[in-house]
1. Select the strands (runs of 3 or more DSSP E) contained entirely in segment B:13-82, then report the ones holding at least 1 residues which are farther than 25 Å from A:P108 by Cβ and in contact (Cβ under 8 Å) with a residue 12 or more places away in the chain.
2. Please list, ordered by residue number, the strands (runs of 3 or more DSSP E) wholly in segment A:5-94 having 2 or more residues that are within 27 Å of A:L115 (Cα to Cα).
3. Is it the case, given these coordinates, that B:I77 is surrounded by 19 or more Cβ atoms within 10 Å (Cβ to Cβ) and more than 30 Å from A:I55 (Cβ to Cβ)?
4. Filter segment A:72-115 down to the residues that are touching a helix residue (DSSP H, G or I) at 6+ places or on another chain (Cβ under 8 Å) and within 22 Å of A:G3 (Cα to Cα) and list them by number.
5. In segment B:37-95, what count of residues is obtained for those that are β-branched (V, I, T) and in contact with a helix residue (DSSP H, G or I) (Cβ under 9 Å, 6 or more places away or on another chain)?
6. Would you pick out the residues in segment A:72-115 that are among the charged types (D, E, K, R) and facing chain B (nearest Cβ under 10 Å)?
7. Test B:S28 against the stated conditions and say whether it is more than 9 Å from every other protein chain (Cβ to nearest Cβ) and over 30 Å from A:S7 (Cα atoms).
8. Quick test of your reading of the structure: B:Q105 fulfils all but one of (1) facing another protein chain (nearest Cβ under 10 Å); (2) in contact (Cβ under 8 Å) with a residue 60 or more places away in the chain; (3) in contact with a Phe, Trp or Tyr (Cβ under 9 Å, 6 or more places away or on another chain). Name the failing condition by number.
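The values are calculated or read from the model by the stated rules, or taken from the named source; none is laboratory data. Please read these numbers as outputs of a predicted model, since none were measured by experiment. Because the Cβ atoms are built from the backbone with ideal geometry, glycine has one as well, and the counts that use them run over all protein chains shown. When the accessible area is computed, the model is the full protein with side chains, heavy atoms only, and any ligands, DNA or RNA have been set aside. Shrake-Rupley method; radii C 1.70, N 1.55, O 1.52, S 1.80 Å.
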Amino acid sequence: DAGVIQSPRHEVTEMGQEVTLRCKPISGHNSLFWYRQTMMRGLELLIYFNNNVPIDDSGMPEDRFSAKMPNASFSTLKIQPSEPRDSAVYFCASSSGLEWGVTQYFGPGTRLTVL
Amino acid sequence: KQEVTQIPAALSVPEGENLVLNCSFTDSAIYNLQWFRQDPGKGLTSLLLIQSSQREQTSGRLNASLDKSSGRSTLYIAASQPGDSATYLCAVKGDNQGGKLIFGQGTELSVKP
């Protein structure tokens, strides 16, 4: 299995531009998670989906952030407009469910730099 | 609100030494606790998952313990090797929180040859 796939791996953009991060979960997994990691705040959950439906988006920092999961094999995280404080590593993870014994598998992350 | 703390933030040891990483959490109502490893520029890899009803889990040279009542977990690494150098994060899944994991800030481990 290829694992969780994220693209791009690195993104450099200017303030005010739209940024779209992409994620392909492990085949057969029905739960998908978006995290953000910074030195100051550590690893934070932004939003997660179960069976393509958003379950908890309380971690999304503000309206500039949006996430979609149009089908079981693809999800996007969009930032519009981007700001320098959005610079971070964004991870996508997937799992075979939300049950208590199920682990999450992480992608390699997208390093976003907003100038 | 659940908070997870890891001490120390960084640790450097000589090869071959046994070591313990600490994790504490403020709300004992958890479903499970996981230890992850993160290599530089990489994603997280799950090492051990302890259910709330369990006291410990072992995998090779790794042993993780859980004391729910005191809100503590430890990750014990035996006979450390340079390849163990990485950041180790613990995360808890709380009751009635669905899939949400709350992470600590991590301990950066360096094992010197």
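1. On the way: elements: B:19-25, B:30-38, B:44-51, B:56-59, B:62-67, B:72-77.
Ranges flagged: B:19-25, B:30-38, B:44-51, B:62-67, B:72-77.
2. Output list reads A:5-7, A:10-13, A:19-24, A:31-38, A:42-50, A:65-71, A:74-79.
3. yes
4. A:L112
5. Applying the first criterion (β-branched (V, I, T)) to segment B:37-95 yields B:45, B:50, B:58, B:74, B:77, B:87, B:92.
Of the ones still in play, those that are also in contact with a helix residue (DSSP H, G or I) (Cβ under 9 Å, 6 or more places away or on another chain) are B:77.
Residues in segment B:37-95 being β-branched (V, I, T) and in contact with a helix residue (DSSP H, G or I) (Cβ under 9 Å, 6 or more places away or on another chain): 1 in total.
6. Listed by number, the residues that qualify are A:E99, A:R111.
7. Considered against the rule, which asks whether it is more than 9 Å from every other protein chain (Cβ to nearest Cβ) and over 30 Å from A:S7 (Cα atoms), B:S28 comes out as yes.
8. (3)
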